[in-house]
Amino acid sequence: MPSATLPELAPSRLPAPEKLELVFTEDTLSSLKNLQASENSGNSHILQLLKLIDAQLASAFWRDMDIQVLVRTRAWAIEQLLLFIWTTHCPHPGISLIAAGGFGRGELHPHSDIDLLILLPEAAQLKADKVEAFIRALWDAGLNPGHSVRTVSQCIEDASEDVQFVTNLMEARIIDGDRNLYQQLKTGITAAKMWPTDTFFAAKMQEQKIRHEKYFDTAFNLEPNIKKSPGGLRDLQMIKWVTQRHFNTLTLHGLLEHDFLQQDEFQRLLECRNLIWRVRYALHLLAGRAEDRLTFEYQREIADKFGYTDHDNNLAVEQFMQVYYRNALRVERMNERLLQLFREELILDQEEDSVIVLDQQFQSRQAYLEIRQADIFTRRPSALLELFLVLQQHPEIKGIRATTIRSIRNHLHLIDDNFRADAQNYSIFMQLLSQQQGIYTQLQRMNRYGVLESFIPVFGKITGRMQYDLFHVYTVDQHTLFVIRNLRRFAYGQYRQRFPHGQAVYQRIPQANILYLAAFFHDIAKGRGGDHSTLGAVDADDFCRQTGLDKSSRELVVWLVRNHLLMSITAQRRDISDEDVLNTFTHKVSNRERLDALYLLTMADIAATSPKLWNGWKDSLLWQLYRASAHRIKYAQQSRSRTGFLEDVSARVAGSNPVNELAREFWASIPDKHLQRLSANQLAWATRMIITASDNPTVVAIRPQVEKVHSEVLIYTPNYQGLFASVIQVFDQMRLNILNARVLTTHNGYGFDIFQISNTQNKCLSKKDAERLQGYLQTSLNKRQWLPQPKQKQPSKFRYFDDRPELYFEKLEEQNVTRLELACLDQPGLLAHLSALFTEHKLILEDARIATFGHRVEDSFLLRNTDNQALSQQQQNTLKQAINQLLAEWD
């Protein structure tokens, strides 16, 4: 819808907006305009009128009325109601009623705060009860104000110490009362009196930096805050505040008047703001309150309300969010360029002009890069890539001059098919990936300026593309760049506590740029339908051929993209102590170069998916798989002998002394197939615990694994139907996360189980919690029965996902067991209820792999029937039906 032409706001009462007759009915307009003369204008009447106003504004919004008109209209209408209450309850003729914040700007969304300042003269003889009566009347009328009562001197004193408060006062305007008092305030807070423009600018920049860090310095969070996140409303308001402080203008139009923006840039800025305003208006209406978090709940509703529809491989909500994220990216670009322009005018112009010529194309002016000739990109389009290479090679340069940023944007059209066919440009890009520093920083900058999607069009398809789940908390393009950032952290040896083996393995990589290239393409085909790994491998192969990479390097990149999920799936969903699993994985990897690169890419990928996803447990799984595979590749080892393994365990238990007979009897009771699934450390620990408690038929032991941030739980007790379910139920009652389960049955009929668990903070249990757990387990196991528990309520945030459960059965011939793989929405107590089903169907659980990915679980179970055989087809069908029924009861 075309934008309305809006007047400058004078520092006084708001003028009536345009198109009021299209928003309000004639009766509503008449009521507003004649409010003062109304004989029935008590608080209840105003409350009803407010509800009518908001209902008609909402109706106009959903009819796609110009959002500028709506936010200005609501501010005007609220002011009419406010004025009536003020004149009715006016506490004192010598004071001023001041609008601040969004109300001061004349911009109100349905549930925006109505910020008021009651400004008092210095010696006012004012009774507090009169002010309280006025404020109470506002609340009774449903206006819910945010207010403060101050004298001019109090305002000036507070403003001189608080940049946020002075910013609020800058936007203040008088609604009614003593205009001289208001003028004293405005005069007292000018840049000549406090917060000169350069100081104000520096303080606001620091304020923005802190705000951005709170949201991980990205606009592309899963549930963005459309007001405070990077690329949100605050970034636009930041531009306005600095403009107002420097030029003493009241609106963004001042940027145009002072040649800080061109007309098309100004129009884009308004378009970006208006889109955020539309989303915010919809959020307020749907939430019924002031809400700035674009959560899953509202993403789907707004996408539907705005007319988006599902397409193949592209949900309506994903289309809507991609529009939002692309808008946020444009806001980030404008924010950066305009604030850089202010920096140059406010700060750098006060310093001595220092220019360092870097080459024929670029120079550094006061530590900011700029082009040496205005037509450089026209004469040499490759300079659009070379600029970022220069920034890498000169880390002393702080950024890019605003005029150069504008020139980049204005010349993006030069990155066309001819540009993309030029081998020199691919050479420059590979040089970018080969530098010792600045790789992530410059790729992030190239993405922000639109260079990446222009040069590599397939990257443009994932720019701003979300994945509608709780697993991926960033858009695909931001996730991709974060993967590369993690790889750079391995190179620098940063975050060693989180990635203890990253740097050591990274140092084995002969060509790091090959690894970065694989990371860049690993998710490039997300959202296209089909297997994104396979499709992405094709894109990677095409790009590598254009770069002129040698055959072995190209094949490594393609293999990594095609198999980038291999190690993650194997470590988290398979039993990596199983010889067959290890041999299959090692065969696919085949050599150490692939293993090293895949290990690093997998770590970087998982850690870049969500700040909370990577933990010590996943680190230990991947490292265990990496070490075992590296050993097999080096020595071609296929399996370990029982005798050699038990000799290792014996040394750990008794040192050079012989172990006692009880230990040997325990080991003899463990079948070979189970023994191979235990580490020597685990069996030695279990042996010590069982020997120590030889008089007790039930052994429960817990030990912390601090480095791996989880705890291990040992259960050794006479087996009974429902043993596993009993243990899981206790874990569930204590809200513990189950990471892995080793469920074994000995020859003498004992259940021998080892669990890896963590608390709700994904850490090992405290000593107190471990003692509590041990007591609960002992009590439960002594009862030797499992009592079913009622289902807990599904978390509300899961309601917005349509994931259907996926069940898959596979018979493992050599082990004569059935593997059940289940992927479904995570539910409270799910594992406890699944274990109960296994008990009810008289199935024996031998192993469980538990993996949670956001809102989904992907669990794997090894099952046998009571005949010690793999499940028959009939048993599979019966179990599948029972599981589907169980999951349906949560819907």
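The values are calculated or read from the model by the stated rules, or taken from the named source; none is laboratory data. Everything quoted here is computed from the prediction, not taken from an experiment. As a convention, Cβ positions derive from the backbone with ideal geometry for all residues, glycine included, and neighbour counts pool all protein chains shown. These area figures cover heavy atoms from the full protein model, side chains too; ligands, DNA and RNA do not enter into them. Shrake-Rupley method; radii C 1.70, N 1.55, O 1.52, S 1.80 Å.
Computed quantities for the displayed model
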| read-out | value |
| --- | --- |
| Verdict on residue 610 being more than 15 Å from residue 566 (Cβ to Cβ), more than 29 Å from the chain's Cα centre (by Cα), open to solvent by 10 Å² or more (accessible area, probe 1.4 Å) and among the hydroxyl-bearing types (Ser, Thr, Tyr) | no |
| Some residue of the stretch 823-842 being of a type outside the set (Gly, Ala, Ser), open to solvent by less than 10 Å² (accessible area, probe 1.4 Å) and assigned to a strand (DSSP E or B) | yes |
| Of the criteria (1) more than 29 Å from residue 739 (Cβ to Cβ); (2) surrounded by 18 or more Cβ atoms within 10 Å (Cβ to Cβ), which one residue 605 fails | (1) |
| Residue in the stretch 340-360 that is touching a Leu at 6+ places or on another chain (Cβ under 8 Å), of a type in the set (Ser, Thr, Tyr), at negative phi and open to solvent by 10 Å² or more (accessible area, probe 1.4 Å) present | no |
| Flag if residue 584 is open to solvent by less than 20 Å² (accessible area, probe 1.4 Å), part of a helix (DSSP H, G or I) and among the hydroxyl-bearing types (Ser, Thr, Tyr) | no |
| Residue 569 being of a type in the set (A, V, I, L, M), more than 21 Å from residue 421 (Cβ to Cβ) and open to solvent by 50 Å² or more (accessible area, probe 1.4 Å) | yes |
| Segments classed as helices (runs of 4 or more DSSP H), wholly inside the stretch 239-335, with at least 3 members that are out of contact with any Asp or Glu (no Cβ under 8 Å at 6 or more places or on another chain) and surrounded by fewer than 16 Cβ atoms within 10 Å (Cβ to Cβ) | 263-287 |
| Identity of the residue in the stretch 465-485, outside any helix (DSSP H, G or I) and surrounded by fewer than 23 Cβ atoms within 10 Å (Cβ to Cβ), that ends up modelled with the lowest pLDDT | 470 |
| The lone exception for residue 679 - which of (1) modelled with pLDDT under 90; (2) within 24 Å of residue 615 (Cβ to Cβ); (3) open to solvent by less than 10 Å² (accessible area, probe 1.4 Å) it fails | (3) |
| Of all residues in the stretch 385-407 being without any contact (Cβ under 8 Å) to a residue 40 or more places away in the chain and either among the small types (Gly, Ala, Ser) or assigned to a loop (DSSP other than H, G, I, E, B) (or both), the one that is surrounded by the fewest Cβ atoms within 10 Å (Cβ to Cβ) | 396 |
| Residue within the stretch 544-558 that is under 33 Å from the mean Cα position of the chain (by Cα), under 30 Å from residue 737 (Cβ atoms) and among the β-branched types (Val, Ile, Thr) present | no |
| Selection count where residues are closer than 18 Å to residue 109 by Cα and either at pLDDT below 95 or open to solvent by less than 10 Å² (accessible area, probe 1.4 Å) (or both), scope the stretch 211-232 | 2 |
| Helices (runs of 4 or more DSSP H) (entirely within the stretch 3-117) containing at least 1 residues that are open to solvent by 50 Å² or more (accessible area, probe 1.4 Å) and modelled with pLDDT of 95 or more | 43-62 |
| So residue 498, is it under 30 Å from residue 223 (Cα atoms) and surrounded by fewer than 17 Cβ atoms within 10 Å (Cβ to Cβ) | yes |
| Residue selected from the stretch 587-615 under the condition of a type outside the set (A, V, I, L, M, F, W, C) and assigned to a loop (DSSP other than H, G, I, E, B), by the criterion nearest to residue 473 (Cα to Cα) | 610 |
| Residue 488 assigned to a helix (DSSP H, G or I), open to solvent by 10 Å² or more (accessible area, probe 1.4 Å), under 30 Å from residue 620 (Cβ atoms) and in contact with a helix residue (DSSP H, G or I) (Cβ under 6 Å, 6 or more places away or on another chain) | yes |
| Out of 748, 696, 657, sole residue that is farther than 29 Å from residue 616 by Cβ, in contact with a Ser or Thr (Cβ under 6 Å, 6 or more places away or on another chain), open to solvent by 10 Å² or more (accessible area, probe 1.4 Å) and assigned to a loop (DSSP other than H, G, I, E, B) | 748 |
